[in-house]
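Visitor: Below you'll find the structure I mean.
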Amino acid sequence: MEQSEIKQSIFSKPWVQSLVGIIIIVLAVGALIIWKSMSSHVSIDNSQVIAPAIAIGPQAEGVLQEVDVQPGDTVTAGETVAHVGSEILTAKVTGTVIATQNTPGQVIMPGTPVVTMIDPTQLRVVGTVQEDKGLANIKVGQPVIFTVDAFGSKQFTGVVDEISPTSDQTSIVFNISDKRAAQNFQVKVRYDVAAHPEFKNGMSAKITVYIK
């Protein structure tokens with residue numbers, strides 16, 4: 001009997017066909033499980049590229065004499081940014097000015113921001129996720145793919161850097177079905193800031209966190 005005839009004879013047996021069918025099903029189920037585990041994710045659409053605001057104001061009440069910078073300026077740590085009364089206001093870190101209160105002659109109270117700036121090295125993609133929309137599955141260190149609206153569908157990579165320990169009380173969502181308030185929490189994503197100088201503070205973004 002030729003080899004091809006032997007193969008046909010073997011595969012014609014019902015038990016062999018059943019075994020092959022079982023193997024195919026097992027492989028298909030295994031592939032599906034792997035695919036699902038790899039594709040499990042949490043999407044966070046309400047996101048922004050943003051850094052913490054650094055407010056610079058006087059320690060004592062005084063009249064605003066002048067503001068030496070304007071939004072968009074890059075300043076170095078220790079650089080003079082404004083004069084209030086006899087007090088000289090200086091930048092706390094090297095960064096970018098994002099806002100000023102340039103109204104000479106106005107009385108400025110202690111702690112009132114005259115210049116607001118950011119440290120670009122602290123830029124993160126920050127998203128808000130509802131507590132019942134996958135928050136429990138998000139962990140620090142998980143891989144992230146994100147897009148920035150200004151750059152269309154181009155994808156960038158990062159990792160979960162921080163999960164807020166407390167909810168954002170200003171963005172409570174009410175569940176219509178049971179009237180319970182659903183709390184929102186911030187998720188911060190770290191990325192290679194030096195590699196993406198094109199990202200600007202305040203840009204809108206979307207985050208996809210891949211669950212391990």
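Visitor: Test of understanding: among 63, 81, which residue is touching a residue at least 40 places away in the same chain (Cβ under 8 Å), in a strand (DSSP E or B) and more than 27 Å from the chain's Cα centre (by Cα)?
Guide: After applying the criteria, what remains is 63.
Visitor: May I ask you to verify whether residue 130 is polar (S, T, N, Q), modelled with pLDDT under 95 and either touching a Gly at 6+ places or on another chain (Cβ under 8 Å) or not assigned by TED's automatic domain parsing to the domain that holds residue 76 (or both)?
Guide: Considered against the rule, which asks whether it is polar (S, T, N, Q), modelled with pLDDT under 95 and either touching a Gly at 6+ places or on another chain (Cβ under 8 Å) or not assigned by TED's automatic domain parsing to the domain that holds residue 76 (or both), residue 130 comes out as yes.
Visitor: Looking at residue 65, is it polar (S, T, N, Q), at pLDDT 55 or above, closer than 30 Å to residue 184 by Cβ and surrounded by 10 or more Cβ atoms within 10 Å (Cβ to Cβ)? Walk me through it before giving the result.
Guide: On the way: polar (S, T, N, Q): yes; at pLDDT 55 or above: yes; closer than 30 Å to residue 184 by Cβ: no; surrounded by 10 or more Cβ atoms within 10 Å (Cβ to Cβ): yes.
It is false that residue 65 is polar (S, T, N, Q), at pLDDT 55 or above, closer than 30 Å to residue 184 by Cβ and surrounded by 10 or more Cβ atoms within 10 Å (Cβ to Cβ).
Visitor: Could you count how many residues in the stretch 120-141 are closer than 19 Å to residue 202 by Cα and either surrounded by fewer than 18 Cβ atoms within 10 Å (Cβ to Cβ) or not charged (D, E, K, R) (or both)?
Guide: Final tally of qualifying residues: 9.
Visitor: Just name the residue that is nearest to residue 182 (Cα to Cα) out of those in the stretch 93-144 that are touching a helix residue (DSSP H, G or I) at 6+ places or on another chain (Cβ under 7 Å) and in a strand (DSSP E or B).
Guide: Here the residue is 129.
The values are calculated or read from the model by the stated rules, or taken from the named source; none is laboratory data. Bear in mind the structure is a predicted one, so any value in this text is a computation, not a measurement. As a convention, Cβ positions derive from the backbone with ideal geometry for all residues, glycine included, and neighbour counts pool all protein chains shown.
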